[in-house]
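Presented below is the structure to which this report refers.
The values are calculated or read from the model by the stated rules, or taken from the named source; none is laboratory data. Just so it is clear, the model here is predicted, and its values are computed rather than measured. As a convention, Cβ positions derive from the backbone with ideal geometry for all residues, glycine included, and neighbour counts pool all protein chains shown. In case anyone asks, the SASA skips ligands and DNA or RNA and just uses the protein heavy atoms, side chains included. Shrake-Rupley method; radii C 1.70, N 1.55, O 1.52, S 1.80 Å.
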Amino acid sequence: MDYTKVMAEFNILGDSFPVEDITLKLSIIPTESYNKGDLSKYNNIKKETCWCISTGYEESMDINDQLSKIIGEIRDKKDILIQLKNQYNLEFQLMIVLNIIDNDKPAIYLDKDIIHFVSEIDASIQFDYYIYS
């Protein structure tokens, strides 16, 4: 039987920047990274450079479980993130992806500490969801 799953990602996006420098300065190995001009798995050309950490899909009934994991990895690196953002003209994005199975919806709200941190680093929050019956 399939269960509802949630994935959270923290994406660092920009026109062109050295992803190795992000990895080195944050001391975090990305889940995925690619450069502008690379080919995607669907043979599309990437229009931006990206460095990403992700929880992967996890069974969950509360998106804050996955968000807390991601924020926990970067919370103490706030000053480094802001410095990198200014140095390379980067955008930060927190993405929450929900795979909802049989109308079994997880709790979808944002804890105040998550909102506060996202605001401090000037990140956007995006939701993507897929519903399966």
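Residues in segment 20-31 that are of a type in the set (A, V, I, L, M) and crowded, with 18+ Cβ neighbours inside 10 Å: how many?
Of the residues in segment 20-31, 2 are of a type in the set (A, V, I, L, M) and crowded, with 18+ Cβ neighbours inside 10 Å.
Screening residue 36 with (1) touching a helix residue (DSSP H, G or I) at 6+ places or on another chain (Cβ under 7 Å); (2) over 24 Å from residue 99 (Cβ atoms); (3) in a loop (DSSP other than H, G, I, E, B) gives one miss only, at (1).
Cβ contacts < 8 Å: first residue of a type in the set (Asp, Glu), restricted to segment 2-23; second residue crowded, with 19+ Cβ neighbours inside 10 Å and assigned to a helix (DSSP H, G or I), any location; separation 6+ or different chain. Result? If the second residue must be crowded, with 19+ Cβ neighbours inside 10 Å and assigned to a helix (DSSP H, G or I), the pairs left are 9/70; 21/84. Contact map, segment 67-84: residues that are open to solvent by 100 Å² or more (accessible area, probe 1.4 Å) paired with residues that are not in a helix (DSSP H, G or I), Cβ distance under 8 Å, separation 6+ or inter-chain. Pairs shown: 69/8; 69/55.
Could you list, in sequence order, all residues of segment 4-17 that are surrounded by 13 or more Cβ atoms within 10 Å (Cβ to Cβ) and either more than 18 Å from residue 123 (Cα to Cα) or modelled with pLDDT under 95 (or both)?
Those that are surrounded by 13 or more Cβ atoms within 10 Å (Cβ to Cβ) and either more than 18 Å from residue 123 (Cα to Cα) or modelled with pLDDT under 95 (or both): 4, 5, 6.
Quick check on my filter: what residues within segment 28-55 are in contact (Cβ under 8 Å) with a residue 40 or more places away in the chain and either out of contact with any Lys or Arg (no Cβ under 9 Å at 6 or more places or on another chain) or over 29 Å from residue 107 (Cα atoms) (or both)? The answer is 51, 52, 53, 54.
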